[in-house]
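Below is one structure, written out as structure tokens; comments come after it.
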Amino acid sequence: AELFAKPVLGHLLRNARQIPVQRQTSHAADALVGGLDALEHGECVAVFPEGTISPDLNPMPGHTGTARLAALAGVPVVPVGLWGSHRMATKGRDPSWRIAPAQSVVIGAPLGVGPDEDVHEATDRVMGAICEAVRGARSRYPDPAGPTDWWYRAPEAAVLRSCQETT
């Protein structure tokens, strides 16, 4: 939701029909209402189940909103793995407007979430599928790199971090 307060970005997000999420507040679940409404009107809803960009560029534990939304609406979750977009913009680094950095996208098989399924187990299942897609995107990434490049991560480093584990 904080991105909606930025003049240009907020305008773009609203026009793209993005749904703000009041992260880490008692109003975070309100985004489910907007998501359900969009799904009931036949729209596709893209969700970022981690809620942010991981500082280490590996998938983080997922939040349960994606599983809740899928279960409530009776729609599948389509896991998507991306690799390369972090080379243009990511946390802690100045944006790079380099021409055409390579992008790799892998789309996994749709996953159903049952209405009575435990949302934490479903979230881990969704995030496991996202990790698999990220591993695939990294494996297919065309730009050669090695462990000394800031943006490089080995495909096998994309592993599930359970939302059920406590630190």
Out of the residues in segment 98-119 that are of a type in the set (V, I, T) and assigned to a loop (DSSP other than H, G, I, E, B), which is surrounded by the most Cβ atoms within 10 Å (Cβ to Cβ)? V113
Taking segment 32-45 and the residues there that are free of Cβ contacts under 8 Å to residues at least 24 places away in the same chain and in a loop (DSSP other than H, G, I, E, B), the one that is least open to solvent (accessible area, probe 1.4 Å) would be G42
Within segment 147-167, considering residues that are among the polar types (S, T, N, Q) and in contact (Cβ under 8 Å) with a residue 24 or more places away in the chain, the one most open to solvent (accessible area, probe 1.4 Å): Q164
Out of the residues in segment 3-29 that are open to solvent by 100 Å² or more (accessible area, probe 1.4 Å) and assigned to a loop (DSSP other than H, G, I, E, B), which is farthest from E50 (Cα to Cα)? K6
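The values are calculated or read from the model by the stated rules, or taken from the named source; none is laboratory data. Keep in mind that this is a model prediction, so the values were computed, not measured. With ideal geometry, Cβ positions are generated from the backbone for all residues, glycine too; neighbour counts draw on all protein chains shown. Accessible surface is based on the protein model in full, side chains and every heavy atom, while ligands, DNA and RNA are left aside. Shrake-Rupley method; radii C 1.70, N 1.55, O 1.52, S 1.80 Å.
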